[in-house]
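Quick notes on the structure that follows.
The values are calculated or read from the model by the stated rules, or taken from the named source; none is laboratory data. The structure displayed is predicted, hence computed values, not measured ones. FYI the Cβ positions are ideal-geometry reconstructions off the backbone, even for glycines, and counts take in every protein chain you see. With ligands, DNA and RNA removed, areas are computed over all heavy atoms of the protein, side chains included. Shrake-Rupley method; radii C 1.70, N 1.55, O 1.52, S 1.80 Å.
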Amino acid sequence: MPSPAPTNETERLAALRALDIIDSAPEAAYDEIAELAAQLCGCPVSYISFIDDDRRWLKARYGLPADVTDAPRESAVCATTICGAELLVIPDLKQDPRFRNSPMVALRPSCRFYCGMPLITDEGYALGTLCVMDFEPRELSFQQTEALRMLSHQILAQLELRRRLLEYGRTIRELEQARLDAAAERARAEALLRNVLPAPIADELRRSGRVQPRYTRSATILFADIQGFTQLAERTEPARLINLLDKYFSALDEIGARYGLEKVKTIGDAYMAVAGVLSPDRRHSIDVCLAALEMRARLDRLKAQYETVGEHGPELRIGIHTGPVISGVVGLRRMTFDIWGDAVNTAWFMEAYGVAGRINVSETVAGHVHGLFALEPRGPIEAKHERAHEMFFLNGLKTEYSRDGDSHLPNDQFLAEYHRIGGSRMARIDARQ
């Protein structure tokens, strides 16, 4: 027959499972309570049970074999015990019509005496029982039943401790997860900051909350733009135009990063980068020239791809100048890294008065790099509202320094010379030419 169930059975089972005690490992505290109950009551058998939805499971036992752990709920007297709030005392199971046909009575030797105390939590859930049993009919004294009540309180104290430890464990896991989430969010924020700002600037901002302006005595600025971009925009659909710009700027970013350039900004189809501001390396003029040659070569390949399908391909116009700059971060919400100074204006003149598909450099850049690169003098070029500027086309690496005749790729001799120079000024090479 179906076993009886408390009126709050659904909530009771939820409270039991929240303790995660069913099928848990033996624990000395429970074993000792079970043994003490048997000794105080003078019974050969005692146990602590928990009643699940379909079985009675023993957490601790005394006087029973170790492999006796489960019994069907409908055959367990404890299933009746948890439906009440007081001790269930049955002097002789054979004489009680509820249990005379119980499998416990049919055992050999037959269980005759049963006394069980329901383990009721402060919330009113009877999770299990503390029981003593005998193979002969008997009675318990008042002191013995009171001892069982007090021992049941100790079991409930152990269950409360278990509940708190489980809650503590969950809290620790939640805090650890929150820490991991915060660390991941911080890493994402720092990665985003490093994408927006140069790494040293981002680190300074993270440490102190602000960035001190810096004066750099020598830096090399590169300006580049797509020649004829306005006409290209007029006859290209928006999605394809954005894709073109993305390819264009991504290529410049990737090349610039390999040569130590920091992108400063993009405005429309214009691109601005600088080297030497965040690093004391004195090779920044060489680095920028090498980057410019590779940028031009990359855009030449893109141009060829467009022309093979009958479309007008983009051409890159580049201007380079070396000089002193001031750098810093502007803005509070959408901060940007920027540079200022007359050298920036001069670099822009180099680009503005250059030629599509060519690299135009200032006299200062030419003075730093002419020992390694082939330069084509243009003479003084009058800039609007400015003095005349000596300009040079950077055609590529000198033949002896280029790889397999490709003027924008350095050979091993160039690389050996380049790394040997280290922080020395390029003028030392120039003096040996």
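Structure values in brief
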item: Per residue accessible area in Å² of the chain, where ligands, DNA and RNA are left out and the probe is 1.4 Å; result: 52 Å²
item: Residue (of 264, 46, 172) at the positive-pole extreme of the chain, dipole from beta-carbon charges; result: 264
item: Of all accessible heavy-atom area on the chain, the percent that carbon and sulfur account for (1.4 Å); result: 53 percent
item: Helical mean residue ellipticity (222 nm; -39500 (n - 2.57) per DSSP H run of 4+; nearest 500) of the chain; result: -13500 deg cm²/dmol
item: Alpha carbon centroid spacing (whole Å) that separates the range 231-296 from the range 23-51; result: 78 Å
item: Farthest positive-ward along the chain dipole, Cα basis, beta-carbon charges - from 145, 8, 276; result: 276
item: Cα-Cα pairs of the chain separated by more than 43 Å (percent); result: 50 percent
item: Label point distance in nm, residue 121-residue 182, each placed 7 Å from Cα along Cα→Cβ; result: 3.0 nm
item: Degrees, to the nearest 10: 28-41 long Cα axis against longest axis of the chain; result: 10 degrees
item: Helix axis angle, 199-208 relative to the chain longest principal axis, alpha carbon, degrees; result: 50 degrees
item: Cα-centre dipole for the chain with unit charges at Cβ (Lys and Arg positive, Asp and Glu negative), debye to 20; result: 1100 debye
item: Relative contact order of the range 316-383, pairs being alpha-carbon contacts under 8 Å that are 6 or more residues apart, as %; result: 38 percent
item: Between the range 83-108 and the range 332-382, the Cα center-to-center distance that results, in Å; result: 101 Å
item: Cross-link partners of residue 247 among aspartates and glutamates (Cα-Cα below 19 Å; sequence separation of 8 or more within a chain); result: 225, 234, 237, 262, 269, 294, 300, 307, 311, 315
item: Protection proxy ranking of 39-48, 133-142 - average other beta-carbon atoms within 10 Å, highest first; result: 39-48, 133-142
item: Among 372, 278, 88: highest mean-square fluctuation, GNM of the chain, C-alpha pairs under 10 Å; result: 88
item: Taking the chain and dividing mean pair separation by its residue count, relative contact order in percent (alpha carbons under 8 Å, at least six apart); result: 10 percent
